[in-house]
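First the structure, in the form of structure tokens, and then the observations on it.
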Amino acid sequence: MKEVYSFTKSRELFSRAEKIIPSGIYGHQGPAEGCYIPVDAFPFYSERAQGSYFWDADGNRFIDYMCGYGPNVLGYNDPDVNAAADAQREKCDCVTIPSTVMVDFADLLVDTVACADWAFFAKNGNDVTSLAVLTARAHTHRKKIVFFKGFYHGVSPWTQKIDYPGILPEEVANNIYLPWNDFQAIEDVFRTQGDEIAAVIGQPYMHGNFFDNTLPAEGFWKHVRDLCHKHGSLLIIDDVRAGFRLDLAGSDHFYGFKADLICFCKALANGYNVSALCGGEQFKSTVSGISFTGSYWMSAVPFAAGIACIEKMKRKNLPELLRSRGELLASGLRAAAEKFGYDLRITGEPALPYFRIANDPTLALHQEWVAECVRRGVFITNHHNHFMNASLTEADIAETVEIATEAFSVIKDRHTK
């Protein structure tokens, strides 16, 4: 039996934090956001991290399948990425004019990403999805943007919903929301509003929260691509979450089509804060004319880290490695669930799996299982996709399956009684 962790120091820290930080921990990592249920099963603060593990404030070690919500793609504290960042830091980082390494990074991205003729750098995924929408509207002189229901494209007002706090109706008045994989719905909207649509924005596959993830239907992206081309609208792929884990040339390339604009962030520099918008030559002058920048967007250290990260991902043939690790994990977890009569659904791509125990439509059973895994050292969350990273070993996966098996046993016993 595995030791069941306690989180005394995390709770003490949170008690301090909620007095001086809004919500104590704000945003998607906060305990009130729905991914940590029940809250008492989860640690709140980390102390250190290495490879596939992090240690919380109480010294508990976790095999981490959230990977910082995606940025950890090679392993925490990857020595090659850190060495490149440290070497650049000795030279310069945030300077009045950009470092030469910015040009090197852009060159590498253009050589790596199939649809890229240029690269524009920022800090967060939200920065580059927002720039992509600005670019589409500036280029087409149109207002409307097509989204697929279940999307997440950041936190700017244009990405949110009319009933969210602080969001004005006019900020989302030009959003069109369509069902994912619905050929007819997107055809209908282009037939009736095609001359008003600036862009379609979508994740390469539907990897939203609180529902099984869904791959694109056969021919779906080609159909969308053809409609955008026919009506003069741009096709934007938000590859912030899946980028490089499926295909180093971009997830559009993985699914066999070409985006006009593509957004990267999470896996771009193994945790160093940089994001990128890439796109076709015909949109470069439009981007050049947009007023969009930030104080730290040309910092050199993340560029150097990004170069080292991409080069190492290439050496490791990262997408194939993550796919095989994801398939091994899925196989072990399904077998563990079946021993106790549970139907564990694992959806999405193997490199970014989404888990759900389907035996209970209330989701409570799934939340119990996740909680028992976390209490024993496997960090997963309730209703979000997970992430493979290159440092995850077969021994880590075996330990994960062992802990998951014990967690299934605990909830089976609990519900039998």
Legend entry - Matching residues in region 124-167 - criterion: being within 18 Å of the chain's Cα centre (by Cα) and open to solvent by 20 Å² or more (accessible area, probe 1.4 Å): Asn124, Asn126, Asp127, Lys149, Gly150, Phe151, Tyr152, Val155, Ser156, Gln160
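With the condition kept exactly as written, say whether any residue in region 67-81 is in contact (Cβ under 8 Å) with a residue 12 or more places away in the chain, of a type outside the set (A, V, I, L, M, F, W, C) and farther than 21 Å from Asn389 by Cα. Even if it seems obvious, please write down each step before you answer.
Narrowing region 67-81 to residues in contact (Cβ under 8 Å) with a residue 12 or more places away in the chain: 67-78, 80-81.
Subset that is of a type outside the set (A, V, I, L, M, F, W, C): 68-72, 75-78, 80.
In the following step, the residues that additionally are farther than 21 Å from Asn389 by Cα were identified as none.
The answer is no, given that none of the residues of region 67-81 is in contact (Cβ under 8 Å) with a residue 12 or more places away in the chain, of a type outside the set (A, V, I, L, M, F, W, C) and farther than 21 Å from Asn389 by Cα.
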Legend entry - Pair list, Cβ under 9 Å, 6 or more apart: region 205-217 residue at negative phi, other residue open to solvent by 60 Å² or more (accessible area, probe 1.4 Å) and part of a loop (DSSP other than H, G, I, E, B): Tyr205/Leu215; Met206/Lys149; Met206/Leu215; His207/Tyr152; Gly208/Lys149; Gly208/Tyr152; Asn209/Tyr152
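Yes/no per residue for (1) modelled with pLDDT under 95; (2) out of contact with any helix residue (DSSP H, G or I) (no Cβ under 9 Å at 6 or more places or on another chain); (3) within 30 Å of Ala269 (Cβ to Cβ):
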residue: Ala122; (1), (2), (3): no, no, yes
residue: Ser130; (1), (2), (3): no, no, yes
residue: Thr135; (1), (2), (3): no, no, yes
residue: Thr140; (1), (2), (3): no, yes, no
residue: Lys144; (1), (2), (3): no, no, no
residue: Pro157; (1), (2), (3): no, no, yes
residue: Ile176; (1), (2), (3): no, no, no
residue: Ile197; (1), (2), (3): no, no, no
Legend entry - Failed item, numbered, when Glu320 is tested on (1) open to solvent by 80 Å² or more (accessible area, probe 1.4 Å); (2) of a type outside the set (S, T, N, Q); (3) touching a residue at least 24 places away in the same chain (Cβ under 8 Å): (3)
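Residues that are surrounded by fewer than 16 Cβ atoms within 10 Å (Cβ to Cβ) and in contact with a strand residue (DSSP E or B) (Cβ under 6 Å, 6 or more places away or on another chain): which strands (runs of 3 or more DSSP E) entirely in region 23-92 hold 3 or more of them? Full working, then the answer.
Numbers: elements: 46-50, 53-56, 61-64.
In region 23-92, 46-50 are the strands (runs of 3 or more DSSP E) which contain 3 or more residues that are surrounded by fewer than 16 Cβ atoms within 10 Å (Cβ to Cβ) and in contact with a strand residue (DSSP E or B) (Cβ under 6 Å, 6 or more places away or on another chain).
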Inset, instruction - Give the residue that is nearest to Gly280 (Cα to Cα), with candidates limited to residues of region 246-262 that are within 15 Å of the chain's Cα centre (by Cα) and open to solvent by less than 10 Å² (accessible area, probe 1.4 Å). - result: Ile262
Inset, instruction - Test each condition in (1) open to solvent by 10 Å² or more (accessible area, probe 1.4 Å); (2) within 22 Å of Cys35 (Cα to Cα); (3) out of contact with any Pro (no Cβ under 8 Å at 6 or more places or on another chain); (4) not basic (Lys, Arg) for Ala308 and report the one that comes out false. - result: (2)
Legend entry - Set Ala57, Ala49, Ala17: member being in contact with a helix residue (DSSP H, G or I) (Cβ under 8 Å, 6 or more places away or on another chain) and either modelled with pLDDT of 90 or more or of a type in the set (Ser, Thr, Tyr) (or both): Ala57
Inset, instruction - Return only the number of the condition from (1) of a type outside the set (Phe, Trp, Tyr); (2) closer than 26 Å to Pro216 by Cβ; (3) surrounded by fewer than 22 Cβ atoms within 10 Å (Cβ to Cβ) that Ala364 does not satisfy. - result: (2)
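The values are calculated or read from the model by the stated rules, or taken from the named source; none is laboratory data. Keep in mind it's a predicted model, so treat the numbers as computed, not measured. Neighbour counts run over all protein chains shown; Cβ positions are idealised from the backbone, glycine included. Only protein heavy atoms, including side chains, enter the accessible area calculation; ligands, DNA and RNA are left aside. Shrake-Rupley method; radii C 1.70, N 1.55, O 1.52, S 1.80 Å.
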